[in-house]
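S.K.: Mind having a look at this structure? Questions to follow.
The values are calculated or read from the model by the stated rules, or taken from the named source; none is laboratory data. Just so we're clear, the structure is a prediction, and the values are computed from it rather than from any experiment. For neighbour counting, all protein chains shown are included, and Cβ atoms are generated from backbone atoms with ideal geometry for every residue, glycine included.
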Amino acid sequence: MLETLFVVTLFLTYLALWKIKNTQLRRAAGINAEVMKTSTSNVQRYMGAFSSILSLYALIIIILHALNLQYLSLFSRFELLSALPFDLAGLLIGLFGLSICLYAQIIMGASWRVGIDEKVKSALVTTGLYRLIRNPTYLGLFMLNLGVWLIWPTWTVFLLNILFFVFLEIQVRCEEDFLTLTHGDQYLAYKSRTKRYIPFIY
């Protein structure tokens, strides 16, 4: 029961962050940040569909874990990680990841998008944590997923993490290509002195 409460708390906080930010952008600048699914790029539309599938998968496994259903070993916890200290660590890591996402949303301001905005040219943000890494939001989401896995250390959650990593690795390369076309040498110089997710490493 406690595990379910932790995961649902993380999931609802994640949804709230994205909803609140998008609502603020709509009211302040008339911008809908959810641009992935309305893109003219086939790749971005595919990524939008992939994102919807991942979200549905996440919702389904939350429900199935909450109901404590078992099928083969898909929902069986790894015994080594099935303890309250790991649950608490997962909650804290997940909340810290979400706080990084919130920080990134604040720093990005009106430039924040979910996907590639081909219609409105946004400013290149290079301040704060963006001085070290190009994708603090994605780092925060990786931490959120890791936190959920520590709370529910099962194969189904592990698969979600793998699929999510692949999704972001594809998306981030699309964004880098777009930003290179949009901002040119300014972005290339910024890219050369920063890392994708982890400062000084990757």
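S.K.: Name the pairs whose Cβ atoms lie under 7 Å apart, with the first residue in the stretch 80-108 and over 11 Å from Trp152 (Cα atoms), the second at pLDDT below 95 and of a type in the set (D, E, K, R), and 6 or more positions between them or separate chains?
M.R.: Filtered contacts from the stretch 80-108: Gln105/Lys21.
S.K.: Same structure again: Regarding Ile106, is this residue under 18 Å from the mean Cα position of the chain (by Cα) and at pLDDT below 95?
M.R.: Here the answer is yes, as Ile106 does meet what is asked.
S.K.: Taking the condition under 21 Å from the mean Cα position of the chain (by Cα), assigned to a helix (DSSP H, G or I) and more than 17 Å from Leu150 (Cα to Cα), does Leu129 pass?
M.R.: yes
S.K.: Conditions: (1) farther than 19 Å from Val166 by Cβ; (2) touching a strand residue (DSSP E or B) at 6+ places or on another chain (Cβ under 9 Å); (3) at pLDDT below 85. Met36 meets all but one. Number of the miss?
M.R.: Of (1) farther than 19 Å from Val166 by Cβ; (2) touching a strand residue (DSSP E or B) at 6+ places or on another chain (Cβ under 9 Å); (3) at pLDDT below 85, only one is false for Met36: (1).
S.K.: Do we have any residue at all in the stretch 153-163 that's outside any helix (DSSP H, G or I), hydroxyl-bearing (Ser, Thr, Tyr), over 20 Å from Val35 (Cα atoms) and modelled with pLDDT under 95?
M.R.: yes
S.K.: Is it true that some residue in the stretch 66-78 is charged (D, E, K, R), more than 21 Å from Leu10 (Cα to Cα) and either out of contact with any Lys or Arg (no Cβ under 9 Å at 6 or more places or on another chain) or touching a residue at least 24 places away in the same chain (Cβ under 8 Å) (or both)?
M.R.: Within the stretch 66-78 (the criterion being charged (D, E, K, R), more than 21 Å from Leu10 (Cα to Cα) and either out of contact with any Lys or Arg (no Cβ under 9 Å at 6 or more places or on another chain) or touching a residue at least 24 places away in the same chain (Cβ under 8 Å) (or both)), the answer is no, since none of the residues qualifies.
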